[in-house]
Each structure stands twice: as C-alpha cells, then as structure tokens.
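Here the structure comes first, spelled out in structure tokens, and everything after it is commentary.
The values are calculated or read from the model by the stated rules, or taken from the named source; none is laboratory data. Keep in mind the model is a prediction, meaning the values are calculated, not measured. Because the Cβ atoms are built from the backbone with ideal geometry, glycine has one as well, and the counts that use them run over all protein chains shown.
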Amino acid sequence: MRIHEYQAKEILKKQGIPVPEGLVIEKEEEAYNFLERFGFPIVVKAQVHCGGRGKAGLVKIVRSYGEVESAIHLLLGKISHKLLLEECENVKKELYLALIIDRKVESPRIIVGKEGGIEVEDVAKEKPYSIFSQIVDVRYGLLPYQIRRLFYFLDLDPELLGDFSLICERLYRIFINMECTLCEINPLAINDNGKFSALDAKMVFDDNALLRHRDILELYDPVQDDHREIEAKKYGLNYVKLSGDIGCIANGAGLAMATMDLVKEAGREPANFLDVGGGATKDMVKEGIRIVHSDPDVKAIFINIFGGILRCDTFALGFKESVHYLHKPIVMRLSGTNSEEGLSIIKELSAPLILVRNLKEAFEKLRELKY
Amino acid sequence: MSILVDENTRVVVQGITGREGMFHTERMLKYGTKIVAGLSPKKKGANLMGIPVFGTVCEAVKETNANTSCIFLSPPHVKDAIIESIDSGIETIVCITEGVPIHDMMVVKRFLKEKGAILIGPNSPGVISPGKSKVGVMADHIHRRGNVGVVSRSGTLTYEVVSQLTELGIGQSTCVGIGGDPIVGLKFVDVLKLFDEDPETEFIVMIGEIGGDMEEEAAIYCRSSMKKPICAYIAGMGAPKEKKMGHAGAIISGEKEDAGSKIRFLKEKGIHVVDSIAKVGETVKKLLY
C-alpha cells in the first residue's frame, strides 16, 4: 500500500527526521493563513501517487497571491483532493536516501546517492558510481559502521556525521517497525544553514502486514485506485484494470496471467487481469463476473478455469446465478476437478456462450470472435 | 527416486485442526501420503482421522519420527511455525499459507541459511511425487508417474501444464510449486539442481512469471552446469508495470523483470522457451522423443 507525501512526512517528523514546515489543505481558503506565516516563495504540491510530479507540472513554486490562486485552481479538485503547501528552503546540496527490500539477497538494503531528485533505477544504470549501498542483516539491524561507509561515500562535511547517522537510524526504525517495502527520501537536502531536510518522501507498506498495523491502514486513500479494483479487493479477488476490450477471468494468479497472454497471442487486448482465487467460492465467482461484465470497455469475455481446490461445479453455480444479465459474448474453458458436473450445469443455460475444451481451441475462438 | 517427497516422507501437519488443514489432510491421506502427526496447541492429545495431535513440533518429531512439515496456519503464525520446524530437526518444510509478511520472511531466510533445512513456499501449492506422496493442496488426479520434473511459481498454471503432459501420456517425477511470493525458500535454481541429480527425472519444465530474477538465475545455472534438457514458459507478457498480478512476487518493478526481457535472457542462455501456454505439452513431447 502506498501513502501520500504529506502522510509520509508526518511519519518522518514524528520519528525526528527534519522535514520542511508545511500545511495540507483541502480548500483554497485554508491556504491564506499559511501564506501570512511564511510569505513567498512557497511550494504547492499535488498529493497523488505518481512519480515525476515535477515534470508533470504537479509541483509549483509560487511567488505571489495571484500565482497561488492559479496553482490551487489548477491542482485542487480534479487532479488532487489535497494539496501540500511548504516553505521554500535554501538548498545547498541534494542527496538520495532509501531503504528497500532486495529480493535477491532477501534482506533490507540501504542506498545513498550523491544526487537527489533522481529515479534511482535510471541512475543505477547510467551513473552507477554515484550511488552506494549496504545490505542489512535483519537480526542485527543497521550498524554504525555501515552508516559511516555510506556517509564517507557521500563526501560531506565530517561535522554532519552525527545528524546523518540519526536520520539513517530513524529511517531504518520506521522501515522495520512499520514493515515497509520502500522508504525513500528523495531528495534529502542539506540547507545553507547546514541542516538536513527531507524535501520529498515516499513510503510503501507490505499489504500482507497491514492487519497488524491498523494505524497504517487508516492512511489508505481509495481515490487513488480504480473503483472496480477496490470492489474486487472487498471480495478477496485480485483485479487489475488494463486497456483492452477482452475481459479475462481465471482462477489462480499464474493461470490468470497466462490467460491474458493467450488473449494477446490471439491478437486481442485484455481489458483486465482477474484472479478469482485458487479456492474461490460461488459468491466470489459471481462478483468476479459482475465486475468484469460491468466494465463498459469490455466487449467480450474469456473465462479460463482449471479446477483444483475450486471445483468446476462451484464455478458453474456462480455463473448460473449471473446468467440472467449476461449479454456480451463469452468464450469459456472449464477443466479439472468436477468438470463433468460443472459442464452439465453450464450446458443447461441459455447464454451467449462458446465452450472450448482446451487452450488451443480457446485461442482459435478468440481469434474468430466478432463483436 | 524423485525429489523432496517420496514414500519415506513422514509428515506433521501444522494447523491440522483448521478448516484448510483438516480438508487437505484428508485428501493427502487418501492419496497415500504418510501423515504421522498433527499440530494444534489447543487440541494437544487429541486424535484426528487416526493421527495423533501434539502441542509442539519437537514432541511430534520425537514420538513419530516426522521428517517433513506442512504448514496451513494463518499468516501471522507462519514465521514462528517455520523456525520451530527448523529448530526441531524437520528436514523439509512445505508452507501453503498465502499472505506471509515479507519482513517475517527476511528473518526466516537468515535462520534457514544457518541451519540448512529446506523450505518450499510460502504461498505454495506444495510438492507431489505422483504415486508416492503429495504434501500440499494440488489437484492430484491430473498427475501420472513418469520422468518429467515440473517446477513453478504458480498453482493452477501448473495444473494446466501437468494436464497437457498427462493427456499426451507424459508422466511426472516430481512437481514442485516454489510459491508466488517475493521471498520464498527453494528457488528455481535449487530445484533444478535437485532434478539434475535425480535419476528418475529426464526432462524439466520450468514455469516462471514476471517479477524478480529467479528465472535468470536458473538460466545462468542451466548454461554453466545443467546436464538435463529443460524448457520454460514465462507468464505475464501483457502485465503492466508496478501492478501486482495476484501473486505478491509478480510485479514488474525493475526493467529486467518484465516477461519480454526474461524470455530474451533465457533464450540467450540456450533455454527453449515455449511462446504459448497452449503449446507446452506438445513442445515437451517433441523435445523428449
């Protein structure tokens, strides 16, 4: 789960990592109080989950009331429900600091970069000499010598070691205690007064750990997700909206991906990824069909079920209860556990159905499909 | 022979009194798996379907000589369960549970590396050596005993491939679901090494997907030291970036993690990559005979 910049900064601040003075507003009027306190220039930042906000014009530096007004009118509402206003600091140097989970070494990795405001992946490719990292052993935590290695790599004023160490230790504590998969301060600025400041922050939390972090769950902003994705999540379905027009339904994540791939091979474009789950119930099947069928972009549907834990007759019963509203053409493959029982239920129904026995046949039918 | 599980496998089921645990214990027993013990702290001393229930793995091992554990517990209990198994001398741990927090897995992996036990999963459908033993939840009726080893990150996609093989009369030595999470126990390369040493396995099918670089690691091993022929399929050609495709591990976060570049890498290393899921069975048949 991702959170907004202003939420991440609140977490940093609570742990004692310095961030610029700022205010979150939902209405234009709320801005003026802040302006009286800080004067100009200030930064106006849209609170949306996407990278490269600066380039996309979602971050504005404003120098007058007129500019504030036009920035707020442009960003508040359609683009972003909340704006973050911040004082403009006098930045001397920008750095990069992040903690990630490195899948390959199966451990946290702390990364620093000599330049801030970067896409770390691009820099790793183009200027690998400007970043440096340390693998952390989760049993011992981030150790002082590792922080010193990072610090000396950055080639900073030795006076700053104390402040830098505190920031690293605190960020690591957030990362572990809140079970993040990413904690990024980008850029981490050094101001002309010699103090560090986290100018932008990004945090991603492990979805699987959220049950033991109710406080983090409260930070979730549903506005950032497709409404069908939110609905699907409620019913325990894995749904991702895509740009094509063939709705896809399968059980199990791997099979659901392969189903999408088969649609593409047949020269069609999948409208979504939907995994009703290896062990779906009748109601989950019903919801899955409803979510896909109700998507106006979907012109036809490909259902690919391989019964394992989910029995084909269970699937068929869920399908039967949906059949009264189905009007889009459906290609269906139903194999595996109890497929005979499932197919005998399906064959009784009157639906715009093309039944296929295997994926080769499905491929042919998808190619021929007219809608 | 076969790998990981066979007729000598003696299973303790961790979470045997739960809904999933009970259901699949019954199915495993029916398949002929030797389930010798169950674990349920609150029902210690009970007897379920003829299986004695214990309060700790240590006790279960002492009383029944269990050498394999199968975990059906809910996600927050998995870290403790895996480490308990390792600490009790269990050799092979199969973790079915989906949704284990990744920070827990980082701790577990450090422990595993020290003690040298084998972990399969989490988020795994399990392991089956057809006709000998099944430790897990897979649909067993589609499997036939034979000489093809199958290793995969996904459950139902494995059923698809196995059923294609079985329909063409090609049996399997062992099918291993390594699990769909970003951090799992055995990786592709570890399973390939086991298959390479197994006299019963003649050919291997690897079913990968987007995310991470386990497939690439396996390909490097294949090029440098693998003795047996292999073919692969990679799911997720149409997946967008930064979106989790069901499995926690199936997410394209780096440039090298999408299906296209994975497939190119595998091909460069000389691995036969099947371009369509519909053709995996027939490709194996062609390469095998």
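If we keep just the residues of region A:103-140 that are β-branched (V, I, T) and in a loop (DSSP other than H, G, I, E, B), which is nearest to the other protein chains (Cβ to nearest Cβ)? Working first, answer last.
Looking only at region A:103-140, we keep the residues that are β-branched (V, I, T), and these are A:105, A:110-112, A:118, A:120, A:123, A:131, A:135-136, A:138.
Remaining after also requiring in a loop (DSSP other than H, G, I, E, B): A:105, A:118, A:136, A:138.
Values: A:V105: 9, A:I118: 15, A:V136: 9, A:V138: 5 Å.
It comes out as A:V138.
Which one is modelled with the lowest pLDDT among residues in region B:91-111 that are within 27 Å of B:L157 (Cβ to Cβ) and surrounded by fewer than 20 Cβ atoms within 10 Å (Cβ to Cβ)?
Of the residues in region B:91-111, the ones within 27 Å of B:L157 (Cβ to Cβ) are B:92-102, B:104-106, B:108-109.
If we keep only those that are surrounded by fewer than 20 Cβ atoms within 10 Å (Cβ to Cβ) too, we end up with B:99, B:109.
Values: B:G99: 92, B:K109: 95.
Among residues in region B:91-111 that are within 27 Å of B:L157 (Cβ to Cβ) and surrounded by fewer than 20 Cβ atoms within 10 Å (Cβ to Cβ), the one modelled with the lowest pLDDT is B:G99.
Kindly indicate whether any position in region A:281-300 is of a type in the set (S, T, N, Q), within 14 Å of chain B (Cβ to nearest Cβ) and within 22 Å of B:S74 (Cβ to Cβ). I'd like the intermediate steps shown before the answer.
So in region A:281-300, the residues of a type in the set (S, T, N, Q) come out as A:281, A:294.
Now narrow it down to the ones that are within 14 Å of chain B (Cβ to nearest Cβ): A:281.
Okay, now just the ones that are also within 22 Å of B:S74 (Cβ to Cβ), so A:281.
Within region A:281-300, one or more residues are of a type in the set (S, T, N, Q), within 14 Å of chain B (Cβ to nearest Cβ) and within 22 Å of B:S74 (Cβ to Cβ).
Tell me, yes or no, whether region B:249-271 has at least one residue that is of a type in the set (D, E, K, R), within 13 Å of another protein chain (Cβ to nearest Cβ) and in a loop (DSSP other than H, G, I, E, B). Write out each step before concluding.
Looking only at region B:249-271, we keep the residues that are of a type in the set (D, E, K, R), and these are B:255-258, B:262, B:264, B:267-269.
Checking which are within 13 Å of another protein chain (Cβ to nearest Cβ) leaves us with B:255-258, B:262.
If we keep only those that are in a loop (DSSP other than H, G, I, E, B) too, we end up with B:258.
Yes, that holds for at least one residue.
Can you name the number of the only condition in (1) in a strand (DSSP E or B); (2) aliphatic (A, V, I, L, M); (3) surrounded by 21 or more Cβ atoms within 10 Å (Cβ to Cβ); (4) within 14 Å of chain B (Cβ to nearest Cβ) that A:L182 fails?
Every condition holds for A:L182 apart from (3).
Residue-by-condition table, conditions (1) touching a helix residue (DSSP H, G or I) at 6+ places or on another chain (Cβ under 9 Å); (2) over 18 Å from A:T259 (Cβ atoms):
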residue	(1), (2)
B:S224	no, yes
B:K243	no, no
B:G249	yes, yes
B:A259	yes, no
B:R264	no, yes
B:V273	yes, yes
B:K279	yes, no
B:K285	yes, yes
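Restricting the search to region A:231-246, which residues are surrounded by fewer than 17 Cβ atoms within 10 Å (Cβ to Cβ) and either more than 14 Å from chain B (Cβ to nearest Cβ) or touching a Gly at 6+ places or on another chain (Cβ under 9 Å) (or both)?
Correct list: A:E231, A:K234, A:G236.
Restricting to region B:191-213, name every residue that is buried (at least 24 other Cβ atoms within 10 Å of the Cβ) and at the interface with chain A (Cβ under 10 Å from one of its Cβ atoms).
B:I207, B:G208, B:E209, B:I210, B:G211, B:G212
Within region A:1-55, take every residue that is modelled with pLDDT of 90 or more and among the small types (G, A, S) and give me the one that is nearest to the chain's Cα centre (by Cα).
Within region A:1-55, the match that is nearest to the chain's Cα centre (by Cα) is A:A8.
Which ones in region A:53-96 are under 21 Å from A:S197 (Cα atoms) and without any contact (Cβ under 8 Å) to a residue 12 or more places away in the chain?
A:R53
Search region A:254-266 for residues that are more than 7 Å from chain B (Cβ to nearest Cβ) and pair each with any residue that is surrounded by fewer than 24 Cβ atoms within 10 Å (Cβ to Cβ) and assigned to a helix (DSSP H, G or I) when their beta-carbon atoms are under 6 Å apart and the residues are at least 6 apart or on different chains.
Pairs that qualify, where the first residue is more than 7 Å from chain B (Cβ to nearest Cβ) and the partner is surrounded by fewer than 24 Cβ atoms within 10 Å (Cβ to Cβ) and assigned to a helix (DSSP H, G or I), are A:A266/A:F363; A:A266/A:L366; A:A266/A:R367.
Going by the structure shown, is B:V274 modelled with pLDDT of 95 or more and surrounded by 24 or more Cβ atoms within 10 Å (Cβ to Cβ)? Step through it out loud before you land on a result.
Details: modelled with pLDDT of 95 or more: yes; surrounded by 24 or more Cβ atoms within 10 Å (Cβ to Cβ): no.
When the stated conditions are applied, B:V274 does not pass them.
What are the residues in region B:223-236 that are more than 14 Å from chain A (Cβ to nearest Cβ) and over 13 Å from B:V161 (Cβ atoms), if any? Don't jump to the end; show me each part of the working.
Filtering region B:223-236 down to residues more than 14 Å from chain A (Cβ to nearest Cβ) leaves B:223-231.
Across region B:223-236, the qualifying residues are B:R223, B:S224, B:S225, B:M226, B:K227, B:K228, B:P229, B:I230.
Here are some conditions: (1) surrounded by 20 or more Cβ atoms within 10 Å (Cβ to Cβ); (2) within 10 Å of chain B (Cβ to nearest Cβ). A:M203 meets all but one. Which one does it not meet?
With (1) surrounded by 20 or more Cβ atoms within 10 Å (Cβ to Cβ); (2) within 10 Å of chain B (Cβ to nearest Cβ) applied to A:M203, the lone miss is (2).
Please work out if B:K279 is at negative phi, out of contact with any strand residue (DSSP E or B) (no Cβ under 7 Å at 6 or more places or on another chain), at the interface with another protein chain (Cβ under 9 Å from one of its Cβ atoms) and outside any loop (DSSP other than H, G, I, E, B). Quick ask: steps written out before the conclusion?
Numbers: at negative phi: yes; out of contact with any strand residue (DSSP E or B) (no Cβ under 7 Å at 6 or more places or on another chain): yes; at the interface with another protein chain (Cβ under 9 Å from one of its Cβ atoms): yes; outside any loop (DSSP other than H, G, I, E, B): yes.
Answer is yes for this residue.
When you go through (1) under 24 Å from B:P229 (Cα atoms); (2) in a loop (DSSP other than H, G, I, E, B); (3) facing another protein chain (nearest Cβ under 7 Å) one by one for B:Y159, which number turns out not to apply?
Going through the list (1) under 24 Å from B:P229 (Cα atoms); (2) in a loop (DSSP other than H, G, I, E, B); (3) facing another protein chain (nearest Cβ under 7 Å), B:Y159 breaks only (2).
Is it the case, given these coordinates, that A:I101 is within 30 Å of A:P222 (Cα to Cα), touching a residue at least 12 places away in the same chain (Cβ under 8 Å), hydrophobic (A, V, I, L, M, F, W, C) and touching an Asp or Glu at 6+ places or on another chain (Cβ under 7 Å)?
no
If we scan region A:159-171, do we find a residue that is touching a strand residue (DSSP E or B) at 6+ places or on another chain (Cβ under 8 Å) and in a loop (DSSP other than H, G, I, E, B)? Quick ask: steps written out before the conclusion?
Quick first cut of region A:159-171, residues touching a strand residue (DSSP E or B) at 6+ places or on another chain (Cβ under 8 Å) only: A:160, A:163-164, A:167-168, A:171.
Cutting the leftovers down to in a loop (DSSP other than H, G, I, E, B) gives us none.
No, every residue in region A:159-171 fails to be touching a strand residue (DSSP E or B) at 6+ places or on another chain (Cβ under 8 Å) and in a loop (DSSP other than H, G, I, E, B).
So which of B:V127, B:V137 is buried (at least 24 other Cβ atoms within 10 Å of the Cβ), touching a residue at least 60 places away in the same chain (Cβ under 8 Å) and within 7 Å of another protein chain (Cβ to nearest Cβ)? Walk me through it before giving the result.
On the way: B:V127 fails: within 7 Å of another protein chain (Cβ to nearest Cβ).
The conditions single out B:V137.
So how many residues does region A:187-202 have that are of a type in the set (A, V, I, L, M) and out of contact with any Ser or Thr (no Cβ under 9 Å at 6 or more places or on another chain)?
Looking only at that region, the number is 3.
Take A:L310 and tell me if it is touching a residue at least 40 places away in the same chain (Cβ under 8 Å), within 10 Å of chain B (Cβ to nearest Cβ) and in contact with a Gly (Cβ under 9 Å, 6 or more places away or on another chain). Walk me through it before giving the result.
Details: touching a residue at least 40 places away in the same chain (Cβ under 8 Å): yes; within 10 Å of chain B (Cβ to nearest Cβ): yes; in contact with a Gly (Cβ under 9 Å, 6 or more places away or on another chain): yes.
Criteria met by A:L310.
Just name the residue that is surrounded by the fewest Cβ atoms within 10 Å (Cβ to Cβ) out of those in region A:330-371 that are part of a helix (DSSP H, G or I) and hydroxyl-bearing (S, T, Y). Working first, answer last.
Our first condition is that a residue be part of a helix (DSSP H, G or I); within region A:330-371, this holds for A:339-347, A:359-368.
If we keep only those that are hydroxyl-bearing (S, T, Y) as well, we get A:339, A:344.
Values: A:S339: 21, A:S344: 11.
Restricting to residues being part of a helix (DSSP H, G or I) and hydroxyl-bearing (S, T, Y), the top hit is A:S344.
Which pairs do you get when a residue that is within 16 Å of B:P76 (Cβ to Cβ), found in region A:205-220, comes within reach of a residue that is among the charged types (D, E, K, R), reach meaning Cβ atoms under 7 angstrom, with the pair 6+ apart or on two chains?
Matching pairs, first to second residue: A:F205/A:E179; A:D206/A:E179; A:A209/A:E179; A:H213/A:E179.
To keep it simple, each residue is scored yes or no on (1) in a loop (DSSP other than H, G, I, E, B); (2) within 30 Å of B:K30 (Cβ to Cβ).
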{"residue": "B:R110", "(1), (2)": "no, no"}
{"residue": "B:K113", "(1), (2)": "no, no"}
{"residue": "B:N123", "(1), (2)": "yes, yes"}
{"residue": "B:I128", "(1), (2)": "no, yes"}
{"residue": "B:G131", "(1), (2)": "yes, yes"}
{"residue": "B:V135", "(1), (2)": "no, yes"}
{"residue": "B:M138", "(1), (2)": "yes, yes"}
{"residue": "B:H141", "(1), (2)": "no, yes"}
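Conditions (1) within 13 Å of chain A (Cβ to nearest Cβ); (2) crowded, with 24+ Cβ neighbours inside 10 Å; (3) at pLDDT 95 or above; (4) under 18 Å from B:V127 (Cα atoms), marked per residue:
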position: B:G155; (1), (2), (3), (4): yes, yes, no, yes
position: B:G169; (1), (2), (3), (4): no, no, yes, no
position: B:K187; (1), (2), (3), (4): yes, no, yes, yes
position: B:Y221; (1), (2), (3), (4): no, no, yes, no
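Taking A:I147 as the residue in question, decide whether it is away from chain B (no Cβ under 14 Å), in a helix (DSSP H, G or I) and in contact with a Cys (Cβ under 7 Å, 6 or more places away or on another chain). Spell out how you get there, then give the answer.
Values: away from chain B (no Cβ under 14 Å): yes; in a helix (DSSP H, G or I): yes; in contact with a Cys (Cβ under 7 Å, 6 or more places away or on another chain): yes.
Answer is yes for this residue.
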